Amino acid sequence: MLMVIFGAGASYDSVPTYPPGAPVPLGDASNNYFRPPLANELFANRPLFATAITYFPECQPIVPRLRSLRDESLEAALQDLQARAESYPRGHQQLAAVRFYLRYLLAECVANWRKVALGVTNYKSLLDVIERANRKDEPVCLVTFNYDTLLEDALLDFGLSIEGIPDYTKKHKFYRVFKAHGSVNWARQVETKLQAPNLGDQWVVNRELIARAAELQVTDKYILNPPGSVGAVDGKPVFPAIAIPVEKKAQFEFPQEMLETLAGLLPSISKMLVIGWRATEAHFLSLLGNRLTGIRPGVPLHIVAGLESEAEETKVKIHRAMLNNQPNSSLDPGGFTDFILSRRAQQFLD
């Protein structure tokens, strides 16, 4: 079984017509206003990003630190802020506002990126190569750590229309999709009764959810809830199902049933492809190492990254997690676009 793992670098380099560094319509050569950001760029001072921050003032006091990272990563900075929130009530509001900001920002960013792509993406090209190679309709495990819906957009053209959370893993004859950190169009129901007079006013509901973040009873009931929709579903308010990007994530941001499905599939992996993922998620690496124990060593692993140093770093982390089952690794530092256009995707998957 093939497993593909997507990280931020995959969406960042998702349009072959405009790879990183190329001038982009509606943007500019150095900033690319609407290009899906890498992790450290989530609070960049792009026009769209700066406007989005004005809608969530609770997180504005921490923006300078998150925008001007010096000797730390964004994940490290948010990890520190999350730890300090335990003794600082306003910290809960700031981190809740970060979730709402990420949900709004990335939905807007990708909506504009689609206009740039005009339907042509590396995700679609990769799925085409996968289907050509998958002659026996064996399961294909797609794991993404991205919040955006570019993968879902591509899957729609390949027979997977997602209309509910179960569709990610149960609807298609061979695609099994896992969004490990949640999604811009996912939400979790909140049991806490709100004071908002109109649960259909999304912005009023958002304001109260952020203000009362420390006391909310957020359930594990996941639903599809596209950004811009009402603030409540079935009479209950909803909270963004998006994981804060911190260094030491304790859990996944998807239903327990989805985690069990993923764990059950991992022992069947015969080939692994990593695109734009830095392998910083210790909880996933632990799951990967534990579930792959006992299967044959030397599973082919191909790592696609923008730089050779990034590919090597990812390789080291994966090998460390799979001490008892070392994969047979190859590095591809050309990025997603070059991986597709050079036909190395076809060479690896055939």
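For the reader, a short list of remarks on this structure follows.
- Length added when fully stretched, Leu118-Gln195, from 0.36 nm per residue minus Cα-Cα: 23.4 nm
- Which of Gly9, Val184, Val143, positive extreme of dipole for the chain (C-beta unit charges): Val143
- Going from the fewest other Cβ atoms within 10 Å to the most, the residues Lys124, Lys315 appear in the order Lys315, Lys124.
- Among residues other than Val238 with Cβ under 10 Å from its Cβ, the summed charge is +2 (Lys and Arg +1, Asp and Glu -1).
- Cβ-based charge dipole, segment 66-132, positive-most Cα from Leu127, Ser87, Ser73: Leu127
- Across q = 0.14 Å⁻¹, segment 186-241 modelled as identical point scatterers on its alpha-carbon atoms has Debye log10 I(q)/I(0) values of -0.28, in the order of the q list.
- Other-chain or far-sequence residues with amide H under 5 Å of Ser329's (modelled H): Leu301
- Packing-based order for 57-64, 32-39, using average beta carbon neighbours within 10 Å, highest first: 32-39, 57-64
- The alpha carbons of segment 39-117 occupy a box of 44, 26, 15 Å along the principal axes, longest dimension given first.
- Listing Asp71, Asp220, Asp332, Asp167 from fewest to most neighbouring C-beta atoms within 10 Å gives Asp71, Asp220, Asp167, Asp332.
- In degrees, nearest ten, helix 74-84 long axis to first principal axis of the chain (Cα): 40 degrees
- q = 0.23, 0.34 Å⁻¹: log10 I(q)/I(0) that the Debye formula gives for segment 92-134, counting C-alpha atoms only: -0.77, -1.02
- Against the empirical curve 2.2 N^0.38 Å, the C-alpha radius of gyration of segment 1-140 lands at a ratio of 1.25.
- Cα-projected label distance for Leu69 with Ser309, points at 7 Å along beta-carbon direction, nm: 1.4 nm
- Helix-only [θ]222 nm of the chain, DSSP H runs n ≥ 4, -39500 (n - 2.57) each, per residue, nearest 500: -11500 deg cm²/dmol
- Distant-in-sequence amide contacts of Val140, defined by a placed amide H-H separation under 5 Å and a gap of 5 or more residues or a different chain, comprise Tyr175, Arg176.
- Rounded Å value of the spacing that divides the Cα centres of segment 85-137 and segment 305-335: 23 Å
- Cα-centre dipole for the chain with unit charges at Cβ (Lys and Arg positive, Asp and Glu negative), debye to 20: 280 debye
- Förster-model FRET efficiency, 25 Å R0, Val204 and Val233, C-beta, rounded to 0.05: 0.95
- For the chain, the extents of the C-alpha atoms along the principal axes are 57, 43, 39 Å, listed from largest to smallest.
- Listed from fewest to most Cβ neighbours within 10 Å, the set Phe56, Phe145, Phe284, Phe336 follows the order Phe284, Phe56, Phe145, Phe336.
- Overall dimensions of segment 241-350 as given by Cα atoms, namely Rg and Dmax in Å: 14.5, 39
- Here each label is just a point 7 Å from Cα along the line to Cβ, and for Glu138 and Ser342 those points are 2.5 nm apart.
Every number here is computed from the coordinates shown, using simple stated rules; none is lab data. Not measured: the values here are computed from a predicted model. Neighbour counts are summed over all protein chains in view; Cβ atoms, including those assigned to glycine, are modelled from backbone coordinates with ideal geometry.
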